[in-house]
Amino acid sequence: MSELSYHEDHGAVDGAPLVELVDVRAAYGTIEVLHGINLSVPQGSVVALLGPNGAGKSTILKVVSGLLQPTAGEVRLAGRVVNGASADELARIGLCTIPEGRGVFPNLTVRENLWMATMAGVSLAEVEEIAYARFPRLGERRKQLAGTMSGGEQQMLSMARALSVNPSVLLLDELSMGLAPLVVANLYEIVAQVSQEGVSILVSEQFARTVLGIAQYAAIVLHGNITRVGTPAELEDELSAAYLGS
């Protein structure tokens, strides 16, 4: 596709949502898994995708990030259709993903992991300054192998690497996976701070209570469909522990 460009001030074009999916369908091979998704992520907001395992939450993130191309519909970034853009192209214009399982390089040190973020054109000094200011613990462990750190520290490293390139959009896939509740609460405090700085955040979570305290909007995903979108208060009656977790 043609070269993509983007406003550096995180602004949307003509007031459009920063991220928008319009009638998006997606498939793995011949099996369709998303059946016409419509979703908007306003600038500087946290939108939570909620639902059980296998509902389609991670697939929505893959489509937005360019890892999976939709079979129908449109993916829009700041009003521009970005169907066909690769994950690398989208990352270069400010869309960063923190995948399920953290995605750090376990055999590299913290500093070497952060060095990977310089591929986006930011100096290592800048990356480290941003990372250690937001996560001081990483500064204390800069020479430690990432694989020897706790799960929470690895998640901090993954977030630090993404945030160091000043993203406009941040995609989070199951941030709480395998982490203690206190660690999750601390990480979501960081997510709330990032959204207040103007970054738009789309987060997939199986456990609703871990994210609803900071989300402005939530979308319930079931069987590849979004069944309801609203504020956490509006969806309270539908956010049952039976299928969203406690």
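The values are calculated or read from the model by the stated rules, or taken from the named source; none is laboratory data. Bear in mind the structure is a predicted one, so any value in this text is a computation, not a measurement. Note: ideal-geometry Cβ built from the backbone for every residue, glycine included; neighbour counts use all protein chains shown.
The combined condition, being modelled with pLDDT of 95 or more and surrounded by 22 or more Cβ atoms within 10 Å (Cβ to Cβ), is not fulfilled by residue 68. Among residues belonging to segment 206-233 that are closer than 22 Å to residue 36 by Cβ and free of Cβ contacts under 8 Å to residues at least 24 places away in the same chain, point out the one that is surrounded by the most Cβ atoms within 10 Å (Cβ to Cβ). The qualifying residue surrounded by the most Cβ atoms within 10 Å (Cβ to Cβ) is 228. Total residues in segment 130-142 satisfying the condition of being more than 21 Å from residue 176 (Cα to Cα) and under 22 Å from the mean Cα position of the chain (by Cα): the figure is 3. Picking from residues in segment 175-205 that are hydroxyl-bearing (Ser, Thr, Tyr) and free of Cβ contacts under 8 Å to residues at least 60 places away in the same chain, the one that is nearest to residue 33 (Cα to Cα) is 176.
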